[in-house]
1. Being of a type in the set (Val, Ile, Thr) and closer than 13 Å to residue 226 by Cα is the filter here; which residues of segment 164-209 pass it?
2. Could you say whether any residue in segment 232-246 is in contact with a Phe, Trp or Tyr (Cβ under 9 Å, 6 or more places away or on another chain) and closer than 21 Å to residue 220 by Cα?
3. Can you name the residue in segment 126-145 that is of a type outside the set (Phe, Trp, Tyr) and in contact with a helix residue (DSSP H, G or I) (Cβ under 6 Å, 6 or more places away or on another chain) and, of all such residues, is surrounded by the fewest Cβ atoms within 10 Å (Cβ to Cβ)?
4. What number of residues in segment 187-203 are of a type in the set (A, V, I, L, M, F, W, C) and under 18 Å from residue 261 (Cα atoms)?
5. Just one of 109, 121 is in contact (Cβ under 8 Å) with a residue 40 or more places away in the chain and crowded, with 20+ Cβ neighbours inside 10 Å; which is it?
6. Give, as residue ranges, the helices (runs of 4 or more DSSP H) completely inside segment 167-250 that count at least 1 residues that are under 19 Å from residue 113 (Cβ atoms).
7. Could you please find all residues in segment 191-211 being in contact with a Ser or Thr (Cβ under 9 Å, 6 or more places away or on another chain) and free of Cβ contacts under 8 Å to residues at least 60 places away in the same chain?
Amino acid sequence: MPRSLRNPPARIQAGPDQSGEITVSNEVSGSAELKTGTSLPTVSVITITYNDLDGLKRTVESVRAQRYPGRIEHIVIDGGSGDEVIEYLSGIEPAFTYWQSEPDGGRYDAMNQGIAHASGDLLWFLHSSDLFPDPDTVAAAVDAVAGQGSARDVWGYGRDNLVGLGRVRSPMPFSLRKFLAGWQVIPHQASFFGSSLVEKIGGYDVNFGVAADQEFILRAALLRQPITIPRVLCDFDTNGIGTNRPPDVVFDDLGRMWDMHHRYPFGGRQLSHAYIQGCKSYFRAVAYIYNRVQSRAAKKAG
């Protein structure tokens, strides 16, 4: 049955160390060679979408192409894109586990609604235009979870292919200090979360802003170390708002996340926030120099 997302975003207390100096090497292969005769976890794939029918179709096709021998339930939360999307969603056979098309409170409200309608053991957020890279992706992730405890209690991530940028992100091994400092961005669409763990940490903080996915991941990391899989788990669409934020906004989000959880990468609050100011000044200087060079080049060309 669908779960009730009663818990607000939790503030995880993970011990007295404020530096975040934890490096985790919990890497597993994710070979997609699932053991037979075992009860396979149900995987809930949650897709949020708005005015992106073509991207939604590609995402749905990549989910339906999975060769995972267990059960995949696909939940689609559309923000009210109109009749064309409704016609598409209602016309697919076999039907989705759940879908809706109505206005919502933004991406993280939509994701929380997806959680509320999920009944699986593992939750995987794959937005419209993001794709599983091959038909064995889900099976590989579940294989990596095997032997790591109950699927409901774990979380983990793999690599993501940044479509259009020609590179793959591979933030491994996981380091809490690097993550807190902004040096290690965890690819959210290449991540999966156990349902019991999500109930413990609560849903996405709809008031945090664009980086609420990283704040959600921090709560998971403070509760349990991740399983890391050296395999691409998502072809990530780089046209979204979260990919194209100004550096000032990125570092402001980091500072708010630190203060919210009282976890700092460089000893304490004062030194860590001084690091933020230094980074912001550096990127402003780089942008200024770049713009001057571009302006001079344009004048010469004209």
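1. Passing the criteria: only 186.
2. So far as segment 232-246 goes, yes, one or more of its residues are in contact with a Phe, Trp or Tyr (Cβ under 9 Å, 6 or more places away or on another chain) and closer than 21 Å to residue 220 by Cα.
3. 129
4. 3
5. Checking each option against the conditions leaves just 121.
6. Qualifying helices (runs of 4 or more DSSP H): 195-201, 212-223.
7. Listed by number, the list holds a single entry, 196.
For (1) touching a residue at least 24 places away in the same chain (Cβ under 8 Å); (2) among the hydrophobic types (A, V, I, L, M, F, W, C), each residue gets a yes or a no:
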| site | (1), (2) |
| --- | --- |
| 216 | yes, yes |
| 228 | yes, no |
| 247 | yes, no |
| 274 | no, yes |
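The values are calculated or read from the model by the stated rules, or taken from the named source; none is laboratory data. Everything numeric here is computed off the predicted structure, so don't read it as measured data. Note that we place each Cβ from the backbone using ideal geometry, even for glycine, and neighbour counts take in every protein chain shown.
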